[in-house]
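Worksheet for the structure shown next.
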2 protein chains.
Amino acid sequence: MDRALREAQAAAARGEVPVGAVVTDEAGTLLAAAGNEVEARCDPTAHAEILALREAAHRLGSPRLPGCTLTVTLEPCPMCAQAASFFRVKRIVFGAYDPKGGGVDHGARIFAAPSCHHVPEVIGGVRETDCAALLRGFFEARR
Amino acid sequence: MDRALREAQAAAARGEVPVGAVVTDEAGTLLAAAGNEVEARCDPTAHAEILALREAAHRLGSPRLPGCTLTVTLEPCPMCAQAASFFRVKRIVFGAYDPKGGGVDHGARIFAAPSCHHVPEVIGGVRETDCAALLRGFFEARR
């Protein structure tokens, strides 16, 4: 989560909503790291999770990432939760809960739908205070 | 939907699951067209909808596509439905219903979640028979 937080901080410095994500393999080796690039790419699908998952798949030369963990500073939205399922990650670890935009423990609750064919293990609230503070600080500064 | 069907046929010819999508603006002008590229890109997020939405945004130089219609041969999955919401499309027109993987009228029902901040108009079942036949033919040939 340390590295994901650094990616989130770097995203904030670029004027992006501060969310960072990393993908690690079963041995804990870092496969990919990314921060939000929605503004830079003019692409609302360029969430940190999607970028990190895609980079990890590219690195492994496989569209599936079994055994891998996606660690992200914010509860994934429905788009990213479904993407993580498609990439077949073993586990999702996230920091801050997102009652307004999250799609794991809130909203569409992607993994609770019976049509979700691959359900990763989910661990939420890891370093929640640090992750949430980063987001709160960013939005407060913008007001 | 004609053009989306042609994109789906082209995808099938490349060995991809035959789904095609187009984005048109309010005047009906074609902004983007794409077929599934999951296999070619080794990327399970490379669904026709995501590729077409991204291309349309790139063409307009804006991450938002108000007034635009996403037309796709298959009911969007939860990932693509959420992406369409993020891109702020006005309308989604789709062909075949997808009880197993769809996220609009089935499964996570993305637009029914109170946390979905932008809900497009949805018209499903347009040229359903043609769209479904293309998918059925593809999977039957693979068995």
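Read the figures in this text as sums done on the coordinates, not as results from a lab. Computed from a prediction, not measured in an experiment: that's the story for all the values here. Backbone-built Cβ (ideal geometry, glycine too); neighbour counts: all protein chains shown.
For first residues located in region B:85-98 and of a type in the set (Val, Ile, Thr), partners that are part of a helix (DSSP H, G or I) and lie 6+ apart or on another chain with Cβ distances below 6 Å form the pairs B:92/B:84.
The single condition among (1) of a type outside the set (Lys, Arg); (2) facing another protein chain (nearest Cβ under 10 Å); (3) surrounded by 24 or more Cβ atoms within 10 Å (Cβ to Cβ); (4) in a loop (DSSP other than H, G, I, E, B) that residue A:76 does not satisfy is (2). Residues in region B:13-39 that are within 22 Å of residue A:38 (Cα to Cα) and free of Cβ contacts under 8 Å to residues at least 40 places away in the same chain were compared, and the one that is nearest to the other protein chains (Cβ to nearest Cβ) is B:38.
Just one of (1) among the hydroxyl-bearing types (Ser, Thr, Tyr); (2) closer than 25 Å to residue B:105 by Cβ; (3) within 12 Å of the chain's Cα centre (by Cα) fails for residue A:71. It is (2).
Being closer than 20 Å to residue A:133 by Cβ, among the aliphatic types (A, V, I, L, M) and in a strand (DSSP E or B) is the filter here, so list the residues in region A:1-46 that pass it.
If the condition is that a residue be closer than 20 Å to residue A:133 by Cβ, among the aliphatic types (A, V, I, L, M) and in a strand (DSSP E or B), then A:21, A:22 are the ones that fit.
Taken over region A:83-130, the criterion of being under 25 Å from residue B:38 (Cβ atoms) and among the acidic types (Asp, Glu) is satisfied by A:121 alone.
Hey, among A:32, A:10, A:40, which residue is within 12 Å of the chain's Cα centre (by Cα) and hydrophobic (A, V, I, L, M, F, W, C)?
On the way: A:10 fails: within 12 Å of the chain's Cα centre (by Cα); A:40 fails: within 12 Å of the chain's Cα centre (by Cα).
Among A:32, A:10, A:40, only A:32 is within 12 Å of the chain's Cα centre (by Cα) and hydrophobic (A, V, I, L, M, F, W, C).
Taking the listed residues A:84, A:108, the one that is in a helix (DSSP H, G or I) and out of contact with any Phe, Trp or Tyr (no Cβ under 7 Å at 6 or more places or on another chain) is A:84, with no other qualifying.
Being in contact (Cβ under 8 Å) with a residue 12 or more places away in the chain and at the interface with chain A (Cβ under 8 Å from one of its Cβ atoms) is the filter here; which residues of region B:40-53 pass it? Reasoning before the result, please.
Looking only at region B:40-53, we keep the residues that are in contact (Cβ under 8 Å) with a residue 12 or more places away in the chain, and these are B:40, B:45, B:47-53.
Scanning region B:40-53 gives B:45, B:50, B:53.
Counting the residues of region A:111-124 that are of a type outside the set (A, V, I, L, M, F, W, C), under 15 Å from the mean Cα position of the chain (by Cα) and surrounded by 12 or more Cβ atoms within 10 Å (Cβ to Cβ) gives 2.
Quick one: would you say residue A:49 is crowded, with 20+ Cβ neighbours inside 10 Å and in a helix (DSSP H, G or I)?
Criteria met by residue A:49.
Note on region A:79-110: among residues that are within 11 Å of another protein chain (Cβ to nearest Cβ) and of a type in the set (Lys, Arg), the one that is surrounded by the fewest Cβ atoms within 10 Å (Cβ to Cβ) is A:100.
Looking at region A:112-124 only, could you name the residues that are touching a strand residue (DSSP E or B) at 6+ places or on another chain (Cβ under 7 Å) and either assigned to a loop (DSSP other than H, G, I, E, B) or under 22 Å from residue B:115 (Cα atoms) (or both)?
Taking region A:112-124 first, the residues touching a strand residue (DSSP E or B) at 6+ places or on another chain (Cβ under 7 Å) are A:120-124.
A:120, A:122, A:123, A:124 - these are the residues of region A:112-124 that are touching a strand residue (DSSP E or B) at 6+ places or on another chain (Cβ under 7 Å) and either assigned to a loop (DSSP other than H, G, I, E, B) or under 22 Å from residue B:115 (Cα atoms) (or both).
Residues in region B:125-142 that are part of a helix (DSSP H, G or I) and under 17 Å from the mean Cα position of the chain (by Cα): B:128, B:129, B:130, B:131, B:132, B:133, B:134, B:135.
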